[in-house]
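These notes are about the structure you will find just below.
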Amino acid sequence: MDLQVKNANGVTSGQVLAADEVFARPFNESLVHQVVVAYLAGARAGTRAQKSRAQVRGGGSKPWRQKGTGRARAGSTRGPIWRGGGVTFAARPQDYSQKVNRKMYRAALRSIFSELLRQGRLLIVDELTLPEIKTKRMIAQLAVLGLADQSRVLLVSEKIDLNLYLSARNLGQVAISDVAGLDPVSLVGADTVVMTAGALQRVGEWLG
């Protein structure tokens, strides 16, 4: 299929050929959901840790004799009901990652790109560059492309332009990525995805 390409002034300057096997696939909601959940789960650190009564230092001696004191019997001062004791169900470091096959991951990305195109949330431009590092220029460029009122914009290029990155890093609604750094969460969460024609071809080669 042919997609329209806009220039820096927001005017249609030509067309680019997009692979049908990447940008014309039916939307598989269950697969996309599974891949997104797996991606978010893999980002969890899982580094929480607590000490059980066996790991708390001290408590080796019996605090008082078994009988005759009138108090409840106790064998250690490191039990969970004691101040300074261990935790009853102590947390352990945990791996939350979920296995997703490469075939499933790529199929989910194809489904996401196709749905972005169907919903009109995919915009193709000839290039994404700025002549200088200036946030005002970045805001003005978004306004020219009709994206000034968008709450979340993802800019995708073959290679991240340093001026573009530094100009957009103070804008909370703008994220920048190259083709290699694309992930399903960023694509699904963006109101509009702006891609260069070169990045579109790279995506087609990657997922085609």
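The values are calculated or read from the model by the stated rules, or taken from the named source; none is laboratory data. All values reported here derive from a predicted model rather than from experimental measurement. Cβ sites come from the backbone with ideal geometry, for glycine too, and all protein chains shown count toward neighbours.
Tell me the residue from Gln94, Gln66, Gln98 that is under 17 Å from the mean Cα position of the chain (by Cα) and in a loop (DSSP other than H, G, I, E, B), please. Can you show your working first?
On the way: Gln94 fails: under 17 Å from the mean Cα position of the chain (by Cα); Gln66 fails: under 17 Å from the mean Cα position of the chain (by Cα).
The match here is Gln98.
Pairs are defined by a Cβ separation below 9 Å, a sequence spacing of at least 6 or placement on different chains, a first member in segment 117-137 that is within 14 Å of Ala8 (Cβ to Cβ), and a second member that is among the basic types (Lys, Arg) and surrounded by 13 or more Cβ atoms within 10 Å (Cβ to Cβ); the pairs so defined are Leu123/Lys6; Ile124/Lys6; Val125/Lys6; Asp126/Lys6; Leu130/Arg137; Pro131/Arg137. Does segment 104-122 hold any residues that are outside any loop (DSSP other than H, G, I, E, B) and out of contact with any strand residue (DSSP E or B) (no Cβ under 8 Å at 6 or more places or on another chain), and which are they? Matches in segment 104-122: Met104, Tyr105, Arg106, Ala107, Ala108, Leu109, Arg110, Ser111, Ile112, Ser114, Glu115, Arg118. Of all residues in segment 82-115, those that are under 23 Å from Leu207 (Cα atoms) and among the small types (Gly, Ala, Ser) total 4.
Here's the yes/no breakdown for (1) free of Cβ contacts under 8 Å to residues at least 40 places away in the same chain; (2) under 30 Å from Gly46 (Cα atoms); (3) surrounded by 14 or more Cβ atoms within 10 Å (Cβ to Cβ):
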site: Ala108; (1), (2), (3): no, yes, yes
site: Ala140; (1), (2), (3): yes, no, no
site: Gln150; (1), (2), (3): no, no, yes
site: Ala168; (1), (2), (3): yes, no, yes
site: Ala190; (1), (2), (3): no, yes, yes
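When segment 62-79 is filtered for residues that are under 19 Å from Ser52 (Cα atoms) and of a type in the set (Val, Ile, Thr), only Thr77 remains.
Could you list, in sequence order, all residues of segment 157-173 that are in contact with a helix residue (DSSP H, G or I) (Cβ under 6 Å, 6 or more places away or on another chain) and either among the small types (Gly, Ala, Ser) or modelled with pLDDT of 95 or more (or both)?
Step one: filter segment 157-173 for residues in contact with a helix residue (DSSP H, G or I) (Cβ under 6 Å, 6 or more places away or on another chain), giving 157-158, 167-168, 170.
Answer for segment 157-173, where residues must be in contact with a helix residue (DSSP H, G or I) (Cβ under 6 Å, 6 or more places away or on another chain) and either among the small types (Gly, Ala, Ser) or modelled with pLDDT of 95 or more (or both): Ser157, Ser167, Ala168.
With respect to Ser52, is the statement that it is under 39 Å from the mean Cα position of the chain (by Cα), farther than 20 Å from Ser186 by Cα and either surrounded by 15 or more Cβ atoms within 10 Å (Cβ to Cβ) or among the β-branched types (Val, Ile, Thr) (or both) true? Spelling it out, Ser52 is indeed under 39 Å from the mean Cα position of the chain (by Cα), farther than 20 Å from Ser186 by Cα and either surrounded by 15 or more Cβ atoms within 10 Å (Cβ to Cβ) or among the β-branched types (Val, Ile, Thr) (or both).
Taken as a whole, the condition of being surrounded by 12 or more Cβ atoms within 10 Å (Cβ to Cβ), at pLDDT 95 or above and more than 30 Å from Pro184 (Cβ to Cβ) does not apply to Ala38.
Collect the residues in segment 92-127 that are under 18 Å from Val179 (Cα atoms) and of a type in the set (Val, Ile, Thr), keeping them in residue-number order. Scanning segment 92-127 gives Ile112, Ile124, Val125.
So that you can scan it fast, the table gives a plain yes or no per residue for (1) within 28 Å of Asp126 (Cα to Cα); (2) free of Cβ contacts under 8 Å to residues at least 12 places away in the same chain:
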residue	(1), (2)
Phe23	yes, no
His33	no, yes
Arg44	no, no
Val56	no, no
Trp64	no, yes
Gly68	no, yes
Ala74	no, no
Asp95	no, no
Ile112	yes, no
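Please determine whether any residue of segment 92-103 is polar (S, T, N, Q) and in contact with a Leu (Cβ under 7 Å, 6 or more places away or on another chain). There is no residue in segment 92-103 that is polar (S, T, N, Q) and in contact with a Leu (Cβ under 7 Å, 6 or more places away or on another chain).
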